[in-house]
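One structure is given here, and the rest of the page talks about it.
The values are calculated or read from the model by the stated rules, or taken from the named source; none is laboratory data. A quick note: this is a predicted structure, and the numbers were derived from the prediction, not measured. Glycine also receives a Cβ, built like all others from the backbone with ideal geometry; neighbour counts cover every protein chain displayed. The accessibility values were calculated without ligands, DNA or RNA, using every heavy atom of the protein model including side chains. Shrake-Rupley method; radii C 1.70, N 1.55, O 1.52, S 1.80 Å.
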Amino acid sequence: MEITKENRKWLDGMNLSHPIVIAGPCSAETEEQVLKTAHLLKDTDTNVFRAGIWKPRTRPGGFEGVGEKGLPWLQKVKQETGMLITTEVGNTDHVEKALKHGIDILWIGARTTVNPFVVQEIADALKGVDIPVLVKNPVNPDLPLWLGAVERFQAAGISQLGVIHRGFSTYNSLHYRNKPKWHIAIELKKEFPDLPLILDPSHICGRRDTIFDVSQTGLDLNYDGLMIETHIDPDNAWSDAKQQITPARLVEITQELIIRQKNSTKEEFQRKLNMYRKELDLLDSNLIDLLKDRMSISEEIGRLKHKENVAILQSGRWSEILESMIQAGEEKGLNKEFVEEIFKAIHVESINIQHNVK
Ligand code: PEP
Ligand code: MN
(Lines give C-alpha, C1' and ligand atoms only; values in the text may rest on other atoms or scores of the structure.)
(Ligands and ions follow the chains in the order given, each with its own letter.)
Protein backbone atom coordinates (compact mmCIF):
# COMPACT_ATOMS: atom_id res chain seq x y z
CA MET A 1 0.00 0.00 0.00
CA GLU A 2 1.27 3.44 -0.86
CA ILE A 3 -0.13 6.32 1.15
CA THR A 4 0.53 9.72 -0.34
CA LYS A 5 -0.33 13.30 0.62
CA GLU A 6 -3.31 12.93 -1.73
CA ASN A 7 -4.90 10.54 0.76
CA ARG A 8 -4.94 13.34 3.38
CA LYS A 9 -6.74 15.80 1.09
CA TRP A 10 -9.93 15.71 3.17
CA LEU A 11 -7.96 16.77 6.28
CA ASP A 12 -5.77 19.36 4.66
CA GLY A 13 -8.79 20.89 2.97
CA MET A 14 -10.11 21.83 6.42
CA ASN A 15 -7.35 24.32 7.09
CA LEU A 16 -7.01 23.22 10.70
CA SER A 17 -5.34 25.19 13.44
CA HIS A 18 -5.74 22.21 15.81
CA PRO A 19 -6.12 18.43 15.47
CA ILE A 20 -9.38 17.54 13.75
CA VAL A 21 -12.35 17.05 16.08
CA ILE A 22 -15.22 14.76 15.12
CA ALA A 23 -18.01 15.01 17.71
CA GLY A 24 -21.65 14.14 18.08
CA PRO A 25 -23.80 11.44 19.61
CA CYS A 26 -23.20 7.71 19.47
CA SER A 27 -26.65 7.46 17.85
CA ALA A 28 -29.08 9.82 16.24
CA GLU A 29 -32.19 9.37 18.44
CA THR A 30 -34.60 12.17 17.57
CA GLU A 31 -34.42 15.19 15.31
CA GLU A 32 -34.46 17.43 18.36
CA GLN A 33 -31.59 15.60 20.09
CA VAL A 34 -29.46 15.70 16.93
CA LEU A 35 -30.05 19.39 16.19
CA LYS A 36 -29.70 20.58 19.78
CA THR A 37 -26.41 18.72 20.16
CA ALA A 38 -25.18 20.07 16.82
CA HIS A 39 -26.00 23.69 17.67
CA LEU A 40 -24.08 23.38 20.93
CA LEU A 41 -21.10 22.04 18.97
CA LYS A 42 -21.29 24.67 16.25
CA ASP A 43 -18.93 27.23 17.75
CA THR A 44 -16.50 24.74 19.28
CA ASP A 45 -13.44 23.10 17.71
CA THR A 46 -15.70 20.49 16.13
CA ASN A 47 -15.02 20.11 12.41
CA VAL A 48 -17.20 17.13 11.67
CA PHE A 49 -20.50 16.11 13.24
CA ARG A 50 -20.93 12.37 13.82
CA ALA A 51 -24.04 10.33 14.56
CA GLY A 52 -24.76 6.63 14.14
CA ILE A 53 -27.86 5.98 12.04
CA TRP A 54 -27.50 2.19 11.92
CA LYS A 55 -26.08 0.81 15.17
CA PRO A 56 -24.26 -2.53 15.25
CA ARG A 57 -25.12 -3.72 18.75
CA THR A 58 -23.15 -6.65 20.09
CA ARG A 59 -26.33 -8.33 21.37
CA PRO A 60 -29.84 -8.00 19.94
CA GLY A 61 -32.48 -6.11 21.84
CA GLY A 62 -30.52 -2.88 22.22
CA PHE A 63 -31.31 0.26 20.24
CA GLU A 64 -30.33 -0.50 16.65
CA GLY A 65 -30.54 3.03 15.28
CA VAL A 66 -33.32 5.10 13.73
CA GLY A 67 -32.33 4.12 10.19
CA GLU A 68 -32.83 6.14 7.03
CA LYS A 69 -35.26 8.63 8.59
CA GLY A 70 -32.35 10.09 10.58
CA LEU A 71 -30.35 11.05 7.49
CA PRO A 72 -32.33 14.25 6.76
CA TRP A 73 -31.61 15.32 10.38
CA LEU A 74 -27.90 15.17 9.56
CA GLN A 75 -28.48 17.15 6.38
CA LYS A 76 -30.16 19.80 8.52
CA VAL A 77 -27.12 19.85 10.81
CA LYS A 78 -24.96 20.63 7.80
CA GLN A 79 -27.30 23.35 6.51
CA GLU A 80 -27.76 25.02 9.89
CA THR A 81 -24.24 24.77 11.33
CA GLY A 82 -21.90 24.33 8.36
CA MET A 83 -20.20 21.35 9.99
CA LEU A 84 -19.38 18.37 7.78
CA ILE A 85 -21.40 15.24 8.58
CA THR A 86 -20.35 11.62 8.97
CA THR A 87 -22.03 8.33 9.75
CA GLU A 88 -21.19 4.62 9.90
CA VAL A 89 -22.02 2.37 6.94
CA GLY A 90 -22.12 -1.39 7.43
CA ASN A 91 -23.49 -2.60 4.09
CA THR A 92 -24.18 -1.48 0.53
CA ASP A 93 -27.72 -0.39 1.35
CA HIS A 94 -26.35 2.00 3.98
CA VAL A 95 -23.85 3.32 1.43
CA GLU A 96 -26.54 4.03 -1.14
CA LYS A 97 -28.74 5.85 1.40
CA ALA A 98 -25.87 7.83 2.94
CA LEU A 99 -24.73 9.02 -0.51
CA LYS A 100 -28.29 9.94 -1.48
CA HIS A 101 -28.48 12.19 1.59
CA GLY A 102 -25.20 14.01 1.03
CA ILE A 103 -23.17 12.54 3.88
CA ASP A 104 -19.65 14.02 3.58
CA ILE A 105 -17.50 11.33 5.17
CA LEU A 106 -18.22 7.64 5.77
CA TRP A 107 -16.77 5.52 8.53
CA ILE A 108 -16.47 1.76 8.72
CA GLY A 109 -17.21 0.30 12.16
CA ALA A 110 -15.01 -2.09 14.09
CA ARG A 111 -17.41 -4.99 13.59
CA THR A 112 -17.35 -4.45 9.82
CA THR A 113 -13.57 -4.08 9.42
CA VAL A 114 -13.16 -7.69 10.61
CA ASN A 115 -15.04 -9.00 7.58
CA PRO A 116 -13.18 -8.74 4.24
CA PHE A 117 -16.28 -9.85 2.28
CA VAL A 118 -18.40 -6.99 3.60
CA VAL A 119 -15.53 -4.49 3.32
CA GLN A 120 -15.07 -5.51 -0.33
CA GLU A 121 -18.79 -5.13 -1.06
CA ILE A 122 -18.81 -1.65 0.46
CA ALA A 123 -15.64 -0.71 -1.42
CA ASP A 124 -17.17 -1.91 -4.70
CA ALA A 125 -20.33 0.11 -4.01
CA LEU A 126 -18.13 3.21 -3.66
CA LYS A 127 -16.34 2.83 -7.01
CA GLY A 128 -16.29 6.18 -8.79
CA VAL A 129 -17.40 8.13 -5.70
CA ASP A 130 -15.08 10.80 -4.32
CA ILE A 131 -15.81 10.56 -0.60
CA PRO A 132 -13.40 10.18 2.32
CA VAL A 133 -13.61 6.83 4.12
CA LEU A 134 -12.35 6.35 7.68
CA VAL A 135 -11.69 2.77 8.74
CA LYS A 136 -12.00 1.88 12.40
CA ASN A 137 -9.67 -0.80 13.71
CA PRO A 138 -11.15 -4.32 13.78
CA VAL A 139 -12.35 -5.54 17.20
CA ASN A 140 -9.39 -7.93 17.37
CA PRO A 141 -5.81 -6.64 17.56
CA ASP A 142 -4.81 -7.49 14.00
CA LEU A 143 -2.92 -4.75 12.16
CA PRO A 144 -2.87 -6.48 8.73
CA LEU A 145 -6.67 -6.92 8.88
CA TRP A 146 -7.02 -3.20 9.60
CA LEU A 147 -4.66 -2.24 6.78
CA GLY A 148 -6.28 -4.80 4.50
CA ALA A 149 -9.59 -2.97 4.79
CA VAL A 150 -7.87 0.33 3.92
CA GLU A 151 -6.24 -1.36 0.91
CA ARG A 152 -9.61 -2.60 -0.35
CA PHE A 153 -10.91 0.99 -0.43
CA GLN A 154 -7.74 2.22 -2.03
CA ALA A 155 -7.94 -0.45 -4.71
CA ALA A 156 -11.55 0.59 -5.39
CA GLY A 157 -10.29 4.09 -6.21
CA ILE A 158 -11.12 5.85 -2.93
CA SER A 159 -8.30 8.34 -2.69
CA GLN A 160 -9.18 10.10 0.56
CA LEU A 161 -8.60 7.83 3.48
CA GLY A 162 -8.08 7.72 7.21
CA VAL A 163 -8.13 5.29 10.14
CA ILE A 164 -9.76 5.48 13.54
CA HIS A 165 -8.20 3.78 16.55
CA ARG A 166 -11.04 2.73 18.90
CA GLY A 167 -9.28 0.01 20.88
CA PHE A 168 -9.60 -3.77 20.92
CA SER A 169 -12.18 -6.04 22.56
CA THR A 170 -11.24 -7.62 25.82
CA TYR A 171 -13.27 -9.72 28.19
CA ASN A 172 -11.70 -8.74 31.47
CA SER A 173 -10.43 -5.22 31.50
CA LEU A 174 -11.12 -3.17 34.59
CA HIS A 175 -9.90 0.07 33.19
CA TYR A 176 -10.82 0.10 29.50
CA ARG A 177 -13.88 -0.95 27.55
CA ASN A 178 -11.57 -1.66 24.60
CA LYS A 179 -7.86 -1.89 25.32
CA PRO A 180 -5.88 0.69 23.34
CA LYS A 181 -2.85 -1.50 22.63
CA TRP A 182 -1.06 1.66 21.51
CA HIS A 183 1.80 -0.25 19.90
CA ILE A 184 -0.52 -1.39 17.07
CA ALA A 185 -1.39 2.19 16.13
CA ILE A 186 2.24 3.28 16.57
CA GLU A 187 3.28 0.49 14.21
CA LEU A 188 0.72 1.76 11.69
CA LYS A 189 1.89 5.36 12.10
CA LYS A 190 5.51 4.29 11.57
CA GLU A 191 4.70 2.44 8.37
CA PHE A 192 2.22 4.97 6.96
CA PRO A 193 3.00 8.40 8.41
CA ASP A 194 0.72 10.13 5.89
CA LEU A 195 -2.35 8.02 6.64
CA PRO A 196 -4.48 10.25 8.89
CA LEU A 197 -4.89 8.61 12.29
CA ILE A 198 -7.80 9.60 14.51
CA LEU A 199 -8.28 8.48 18.08
CA ASP A 200 -11.71 7.47 19.42
CA PRO A 201 -11.21 7.72 23.19
CA SER A 202 -14.95 7.20 23.83
CA HIS A 203 -14.97 3.54 22.80
CA ILE A 204 -11.55 2.89 24.33
CA CYS A 205 -12.59 4.29 27.72
CA GLY A 206 -16.26 3.28 27.92
CA ARG A 207 -16.55 5.92 30.66
CA ARG A 208 -16.34 9.69 30.91
CA ASP A 209 -13.66 10.33 33.50
CA THR A 210 -10.72 8.94 31.52
CA ILE A 211 -11.45 10.50 28.14
CA PHE A 212 -9.19 13.49 28.73
CA ASP A 213 -6.12 11.41 29.65
CA VAL A 214 -6.53 9.00 26.76
CA SER A 215 -7.02 11.93 24.34
CA GLN A 216 -3.84 13.56 25.63
CA THR A 217 -1.93 10.33 25.07
CA GLY A 218 -3.20 10.35 21.48
CA LEU A 219 -1.99 13.90 20.91
CA ASP A 220 1.35 13.06 22.55
CA LEU A 221 1.66 10.29 19.96
CA ASN A 222 0.97 12.73 17.11
CA TYR A 223 -2.51 11.56 16.20
CA ASP A 224 -4.22 13.77 13.63
CA GLY A 225 -7.45 14.12 15.54
CA LEU A 226 -10.11 12.87 17.92
CA MET A 227 -13.58 11.38 17.55
CA ILE A 228 -15.49 11.95 20.79
CA GLU A 229 -19.09 10.92 21.45
CA THR A 230 -21.02 13.96 22.58
CA HIS A 231 -24.67 14.08 23.63
CA ILE A 232 -26.95 16.79 24.91
CA ASP A 233 -28.08 14.54 27.78
CA PRO A 234 -25.50 11.73 28.11
CA ASP A 235 -27.12 9.93 31.05
CA ASN A 236 -30.26 9.38 29.03
CA ALA A 237 -28.58 8.43 25.75
CA TRP A 238 -30.12 5.43 23.98
CA SER A 239 -26.69 3.86 23.39
CA ASP A 240 -23.27 4.14 25.06
CA ALA A 241 -24.66 6.40 27.82
CA LYS A 242 -21.72 5.87 30.18
CA GLN A 243 -19.09 7.19 27.80
CA GLN A 244 -20.81 10.18 26.20
CA ILE A 245 -20.00 13.71 27.32
CA THR A 246 -21.84 17.00 26.99
CA PRO A 247 -20.77 19.60 24.43
CA ALA A 248 -19.70 21.80 27.37
CA ARG A 249 -17.35 19.10 28.63
CA LEU A 250 -15.98 18.63 25.12
CA VAL A 251 -15.07 22.32 25.04
CA GLU A 252 -13.25 21.99 28.39
CA ILE A 253 -11.35 18.98 27.11
CA THR A 254 -10.29 20.59 23.83
CA GLN A 255 -9.17 23.71 25.68
CA GLU A 256 -7.12 21.78 28.23
CA LEU A 257 -5.45 19.37 25.82
CA ILE A 258 -1.85 20.20 25.08
CA ILE A 259 -1.00 20.08 21.40
CA ARG A 260 2.61 18.96 21.04
CA GLN A 261 4.95 20.21 18.38
CA LYS A 262 6.06 17.48 16.00
CA ASN A 263 9.65 18.13 17.04
CA SER A 264 11.99 20.73 18.47
CA THR A 265 15.38 21.82 17.25
CA LYS A 266 16.37 23.40 20.57
CA GLU A 267 19.81 22.14 21.54
CA GLU A 268 19.06 21.66 25.22
CA PHE A 269 15.95 19.65 24.39
CA GLN A 270 17.83 17.41 21.94
CA ARG A 271 20.67 16.86 24.42
CA LYS A 272 18.33 15.78 27.22
CA LEU A 273 16.24 13.64 24.90
CA ASN A 274 19.35 11.81 23.66
CA MET A 275 20.47 11.22 27.21
CA TYR A 276 17.14 9.73 28.24
CA ARG A 277 17.03 7.61 25.11
CA LYS A 278 20.48 6.20 25.83
CA GLU A 279 19.35 5.37 29.33
CA LEU A 280 16.27 3.61 27.96
CA ASP A 281 18.37 1.60 25.50
CA LEU A 282 20.53 0.43 28.35
CA LEU A 283 17.59 -0.54 30.52
CA ASP A 284 15.96 -2.37 27.61
CA SER A 285 19.05 -4.45 27.03
CA ASN A 286 19.14 -5.23 30.76
CA LEU A 287 15.53 -6.38 30.46
CA ILE A 288 16.53 -8.79 27.69
CA ASP A 289 19.35 -10.19 29.83
CA LEU A 290 17.01 -10.63 32.78
CA LEU A 291 14.42 -12.37 30.64
CA LYS A 292 17.10 -14.69 29.27
CA ASP A 293 18.20 -15.58 32.84
CA ARG A 294 14.65 -16.15 33.92
CA MET A 295 13.92 -18.46 30.97
CA SER A 296 17.11 -20.45 31.60
CA ILE A 297 15.89 -21.17 35.11
CA SER A 298 12.47 -22.14 33.75
CA GLU A 299 14.29 -24.63 31.52
CA GLU A 300 16.06 -26.14 34.55
CA ILE A 301 12.74 -26.42 36.37
CA GLY A 302 11.27 -28.06 33.27
CA ARG A 303 14.02 -30.67 33.32
CA LEU A 304 13.46 -31.33 37.00
CA LYS A 305 9.70 -31.75 36.56
CA HIS A 306 10.22 -33.96 33.52
CA LYS A 307 12.50 -36.27 35.47
CA GLU A 308 10.07 -36.54 38.36
CA ASN A 309 7.10 -36.80 35.98
CA VAL A 310 5.44 -33.79 37.60
CA ALA A 311 2.87 -31.66 35.72
CA ILE A 312 4.22 -28.44 34.26
CA LEU A 313 1.39 -26.14 35.30
CA GLN A 314 1.27 -25.56 39.04
CA SER A 315 -1.62 -23.12 39.06
CA GLY A 316 -1.45 -22.33 42.81
CA ARG A 317 2.17 -21.25 42.56
CA TRP A 318 1.42 -19.22 39.44
CA SER A 319 -1.47 -17.29 41.10
CA GLU A 320 0.83 -16.52 44.03
CA ILE A 321 3.53 -15.11 41.73
CA LEU A 322 1.03 -13.03 39.80
CA GLU A 323 -0.59 -11.58 42.90
CA SER A 324 2.67 -10.74 44.59
CA MET A 325 4.09 -9.12 41.44
CA ILE A 326 0.96 -7.05 40.95
CA GLN A 327 1.19 -5.90 44.55
CA ALA A 328 4.91 -5.14 44.30
CA GLY A 329 4.24 -3.23 41.10
CA GLU A 330 1.43 -1.23 42.63
CA GLU A 331 3.64 -0.26 45.56
CA LYS A 332 6.07 1.15 43.02
CA GLY A 333 3.35 3.00 41.14
CA LEU A 334 3.07 0.60 38.18
CA ASN A 335 -0.28 0.07 36.54
CA LYS A 336 -1.93 -3.22 37.57
CA GLU A 337 -3.01 -4.23 34.06
CA PHE A 338 0.44 -3.53 32.69
CA VAL A 339 2.16 -5.76 35.28
CA GLU A 340 -0.47 -8.44 34.78
CA GLU A 341 0.03 -8.49 31.01
CA ILE A 342 3.80 -8.72 31.29
CA PHE A 343 3.73 -11.55 33.79
CA LYS A 344 1.11 -13.48 31.87
CA ALA A 345 3.34 -13.29 28.77
CA ILE A 346 6.35 -14.43 30.82
CA HIS A 347 4.33 -17.32 32.23
CA VAL A 348 3.14 -18.49 28.79
CA GLU A 349 6.72 -18.47 27.49
CA SER A 350 7.93 -20.26 30.59
CA ILE A 351 5.36 -23.02 30.05
CA ASN A 352 6.36 -23.30 26.38
CA ILE A 353 9.99 -23.69 27.35
CA GLN A 354 9.18 -26.33 29.96
CA HIS A 355 7.12 -28.23 27.38
CA ASN A 356 10.05 -28.37 25.02
CA VAL A 357 12.61 -29.81 27.45
CA LYS A 358 13.28 -33.47 27.13
C1 PEP B 1 -19.66 4.03 17.21
O2 PEP B 1 -18.79 4.79 16.77
O3 PEP B 1 -20.68 4.39 17.79
C4 PEP B 1 -19.42 2.57 17.07
C5 PEP B 1 -20.39 1.69 16.98
O6 PEP B 1 -18.13 2.31 17.09
P7 PEP B 1 -17.27 0.95 16.95
O8 PEP B 1 -17.47 0.47 15.56
O9 PEP B 1 -15.91 1.47 17.23
O10 PEP B 1 -17.75 0.00 18.03
MN1 MN C 1 -20.93 4.35 20.39
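At a 10 angstrom cut-off on C-beta neighbours, averaged per residue, how do the peptides 314-327, 151-164, 117-130 rank from highest to lowest? All intermediate terms of the calculation are to be shown ahead of the outcome.
Details: 314-327: 12.2, 151-164: 19.6, 117-130: 15.7.
The densest-packed peptide leads the list: 151-164, 117-130, 314-327.
If we count every other residue with Cβ under 15 angstrom of Asn222's Cβ, Lys/Arg +1 and Asp/Glu -1, where does the sum land? Kindly include the intermediate steps, with their values, before the conclusion.
Numbers: positive: Arg8, Lys189, Lys190, Arg260, Lys262; negative: Glu187, Glu191, Asp194, Asp220, Asp224.
Here the count lands on 0.
Assuming a ≥ b ≥ c are the square roots of the Cα gyration tensor eigenvalues, decide whether the stretch 5-256 counts as rounded (a/c under 1.5), prolate (otherwise, with a/b larger than b/c) or oblate. Don't jump to the answer; show the numbers that get you there.
Working: a/c = 1.22, a/b = 1.07, b/c = 1.14.
Rounded is the answer for the stretch 5-256, as its axis ratio a/c remains below 1.5.
Using a 1.4 angstrom probe on heavy atoms only, work out the carbon and sulfur share of the accessible area of the stretch 301-358 in %.
Working: 2380 of 4300 Å².
The value for the stretch 301-358 is 55 percent carbon and sulfur by accessible area.
Enter the accessible area per residue of the stretch 1-91 (Å², integer; probe 1.4 Å; all protein chains in place). Please list the in-between numbers first.
Numbers: 4060 Å² over 91 residues.
Spelled out: the 1.4 Å probe surface of the stretch 1-91, per residue, equals 45 Å².
What pairs from Lys5/Lys242; Lys272/Lys336; Lys36/Lys97 go past 28 Å between their alpha carbons? Intermediate values should be presented prior to the final figure.
Values: Lys5/Lys242 37 Å; Lys272/Lys336 30 Å; Lys36/Lys97 24 Å.
Among Lys5/Lys242; Lys272/Lys336; Lys36/Lys97, the Cα-Cα distance tops 28 Å for Lys5/Lys242; Lys272/Lys336.
For the stretch 218-358, what is the accessible area per residue in Å² when the probe is 1.4 Å?
Details: 9980 Å² over 141 residues.
So the stretch 218-358 comes to 71 Å² accessible per residue, rounded to a whole number.
Could I get the Rg over Rh figure for the stretch 267-356? Both from C-alpha atoms, Rh via Kirkwood, rounded to two places. Write out the running numbers ahead of the final one.
Values: Rg = 17.4 Å, Rh = 15.4 Å.
Here Rg/Rh amounts to 1.13.
Report the gain in length on full extension from Lys272 to Ser159: 0.36 nm times residue separation, minus Cα-Cα distance, nm rounded to one decimal.
Working: separation 113, 0.36 × 113 = 40.68 nm, distance 4.07 nm.
So the extension gain works out to 36.6 nm.
Which percent of the accessible area of the stretch 44-166 is formed by carbon and sulfur heavy atoms (probe 1.4 angstrom)? Walk me through the numbers on the way to the answer.
Numbers: 2310 of 4660 Å².
Carbon with sulfur: 49 percent of the solvent-accessible area.
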